[in-house]
Amino acid sequence: MFTAQEYARPATLAEAYALNQRRGNTIIGGGGWLRMGRQRFHTLIDLSGLGLDNIKEEDGRFTLGAMVTLRQMELDRGLAGAFGPLFVDMAKHIVGIQFRNRATLGGSLAARFGFSDVLTCLLALDCEVELAGAGTVPLPRYAQMPYDRDVLARVILHKNGRRAAYESTLITHTDIPVLTCAASALGDSLRVVIGARPGRASALDGLSLADGPERAAQAAREYFSFGSNMRASAQYRRHLAGVLAARAVRRLQEVNP
Amino acid sequence: MNITVTINGTRHTGEVLPDLPLLDFLRGQGCLSVKRGCETSNCGLCTVWLDGAPVLSCGVLAVQADGRAITTLEGLQEEAAQFGAFLADEGGEQCGFCAPGLIMTVLAMARELDDPGEDEIRAYLAGNLCRCSGYQSQLRAIQKYLAWRKEER
């Protein structure tokens, strides 16, 4: 469990950004992952006073505040209408409903954990993040950026007809995933994302949906790099990447052959 | 920091450290149904409702609950006893340590989901671990409780 000396609930994003520039301060998000460490913080910055806890749909895009919970994403009718069961599939293995009622989108993305279901899922869609300092940054670039002291305020998710399917493998239900995979298609253009490699999720674009699941599986096995940890070997992850990519592509084809 | 929360309908004000988990604050206020389990946000034992939604009180800071309404098992005695009777009938309460968290989640589910099937029940309860029951007896108790509740309405 971490320790902290102060707690702040800033009234503006600018104030949150200024507070976060001090080393030793941290944004708390839902607090679920933070509490797993033993760090000593000076000030915990709570963004819950900034109105960043809602999902808005307008002008062909969704805007999701950083304090939107994973449970909100699972239950949001607008997201379900646009992307079917994608966000349910993404979230359903993440600990339990009680955890997902607190875990935030912003916390999940800003940490850019290798095992993040959220990062894998959103990389399959067309997203940008709004940062208090750096402004709007495409999610694939943000995913690769080194950690800094900027504040993630919102995620913009374009509703452009892209469809996606999500797959993951876990040793036990509610554990951290061994491998995550999302496949998405815009017309015939197919994208495969693999995460928990165990490094950060990354995307492979330029595939064709018409080439079918086995071609996607082969591409996933060949393109991505994999590593070993206590959950799986690199060799097994490479094998799983093909299996999950093929499953995700089959699901995309079933919806719109 | 000074916080004011409503616990089971009663306002409480207290001075808390910024890193005090809600779990410890609630136990300090006499809510001893809130049990300390894994403390890694995994087991579901410390489940309480925050503004009506089930959360893990080991993973929420007391300062984050400032101004909000908390419900613990102490505030749901009648319903807890009703469901507890089904747990007992089905052999779903063995060592009993997980029961407070399980009951809090089941009662939240009963409010949130309309006539859930087995898969929905299993998904909703995935965050409540039990070392004794193997979950089958709990599942039977939940299904029978929900059916009884539907008839009662």
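Label-to-label distance, B:Thr40 versus A:Val255, with points set 7 angstrom from Cα along the beta-carbon direction: 3.4 nm.
The trypsin sites (Lys or Arg not before Pro) found in region A:44-82 include none that occupy coil by DSSP while having at most 12 further C-beta atoms within 10 Å. Between B:Glu152 and A:His42, the modelled label-to-label distance comes to 5.4 nm, taking each label 7 Å out from Cα in the direction of the beta carbon.
In this Cβ point-charge picture (+1 for Lys and Arg, -1 for Asp and Glu), region B:1-65 has a dipole of about 200 debye about its Cα centre. Distance between the C-alpha centres of region A:127-175 and region A:223-249: 21 Å, rounded to the whole angstrom. The residue list A:Phe83, A:Ile194, A:Asn229 was ranked by how far each Cα lies along the charge dipole of chain A toward its positive end, using unit charges on Cβ atoms, and A:Asn229 comes out on top.
Equivalent-ellipsoid semi-axes for region A:116-211 (Cα gyration tensor, √(5λ), whole Å, largest first): 23, 19, 11.
Between the listed residues B:Met109, B:Ala141, B:Gly127, the Cα displaced farthest toward the positive end of the dipole of region B:76-152, a dipole computed from Cβ unit charges relative to the Cα centre, is found at B:Gly127. Here region B:21-128 is assigned +1 on the Cβ of each Lys and Arg and -1 on the Cβ of each Asp and Glu. Its dipole about the Cα centre then comes out at about 540 debye.
Note on chain A: GNM, Cα springs under 10 Å; of A:Leu170, A:Leu139, A:Leu152, the largest mean-square fluctuation is that of A:Leu170.
Under 8 Å for C-alpha pairs, at least 6 residues apart: give me the relative contact order for chain A, rounded to a whole percent. In percent, rounded to a whole number, it is 16.
At a Förster distance of 22 Å, what's the computed FRET efficiency of B:Gln82 paired with B:Arg122, Cβ-Cβ distance as r, to 0.05? That pair, B:Gln82 with B:Arg122, gives E of 0.50.
Shape of region A:163-255 from its Cα gyration tensor (a ≥ b ≥ c, root eigenvalues): rounded if a/c is under 1.5, otherwise prolate when a/b > b/c, or oblate? Judged from the Cα gyration tensor, region A:163-255 comes out prolate (a/c at least 1.5, a/b above b/c).
For chain B, what's the relative contact order in percent, using C-alpha pairs closer than 8 Å and at least 6 residues apart?
Numbers: 251 pairs, mean separation 36.9, N = 153.
Normalised by residue count, the contact order of chain B is 24 percent.
One quarter of the convex hull surface built on the alpha carbon atoms of chain B amounts to 8.6 nm², the projected area averaged over directions. Stokes-Einstein diffusion for the protein assembly as shown, with the hydrodynamic radius set to the Kirkwood value over Cα pairs and evaluated at 37 °C in a medium of 0.692 mPa s, equals 147 µm²/s.
Using C-alpha pairs under 8 Å with a sequence gap of at least 6, the mean separation divided by the residue count of region A:45-176 gives a relative contact order of 29 percent. Assuming charge only on the beta carbon of Lys and Arg (+1) and of Asp and Glu (-1), the dipole of the protein assembly as shown about its Cα centre is about 1040 debye to the nearest 20. Each residue in A:Leu19, A:Leu75, B:Leu26 was given a count of other beta-carbon atoms within 10 angstrom of its own, and listing them fewest first yields A:Leu75, A:Leu19, B:Leu26. Based on alpha-carbon atoms, the Kirkwood radius and the radius of gyration of region A:3-44 give Rg/Rh equal to 0.96.
Treating r as the C-beta distance of B:Asp114 and B:Thr13 and R0 as 25 Å, the FRET efficiency rounds to 0.10. Region A:43-113 and region B:1-73 have Cα centres lying 22 Å from one another. Full extension of the chain between A:Ala11 and A:His158 gives 50.1 nm of extra length, using 0.36 nm per residue less the Cα-Cα distance. Among A:Val88, A:Val118, the order by Cβ neighbours within 10 angstrom, fewest to most, reads A:Val88, A:Val118. Rg/Rh, computed from the Cα trace of region A:1-146 with Rh as the Kirkwood radius, has the value 0.95. Over what distance in Å are the Cα centres of region B:74-110 and region B:125-153 separated? When both Cα centres are located, 8 Å separates them.
Just so you know, all these numbers are worked out from the coordinates, no wet-lab data involved. These numbers were taken from a predicted model, which means no experiment stands behind them. Glycine gets a Cβ as well: all are built from the backbone with ideal geometry, and neighbour counts include every protein chain shown.
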